[in-house]
Amino acid sequence: MPAAVAAAVLLGAAAVPNAATATTVQTVEISGFAFNPAVLNVTAGDTIRFVNHDQEAHTVVAQSGAFTSSGLDTNDQWTVRITKPGKYPYFCSLHPYMKGTIVVRAARGMH
Ligand SMILES: [Cu+2]
């Protein structure tokens, strides 16, 4: 099925040993003008979900430009899936003192 293969490559699933396995979702809670946890360790291919519990809007912007969220109002969620291992420091563009880091380690079998 060429179409399915193309879709898998587009999603970076080619690097995941078993593409049929559901992606792991990890959550960063935004509350009190802070990202919790401030440092989140994930595996390549994981999905990171940001949930804003504040009454104030926030955003999630990678310092490298690797990802940029839309504006998150109260109780809004935004997810990003990262397939490339590395350190991803990010901040809130509305409150630049709000900072966090996502550390992405290689999935098993990628070494
Ligand atoms: Cu903010």
>> Between Ser64 and Ser93, what is 0.36 nm times their sequence separation minus the Cα-Cα distance? Round to one decimal in nm.
In response: 9.1 nm
> Relative to a virtual label point 7 Å from the Cα of Val103 in the Cα→beta-carbon direction, which members of segment 72-89 show backbone nitrogen distances below 19 Å?
Replying inline: 82-89
> Can you give the direction-averaged projected area of the convex hull of the alpha-carbon atoms in segment 40-98, in nm²?
Replying inline: 3.9
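Computed from the coordinates by the stated procedures, all read-outs in this text should not be read as laboratory data. Every value quoted in this text rests on a predicted model; they were computed, and no experiment measured them. Note: ideal-geometry Cβ built from the backbone for every residue, glycine included; neighbour counts use all protein chains shown.
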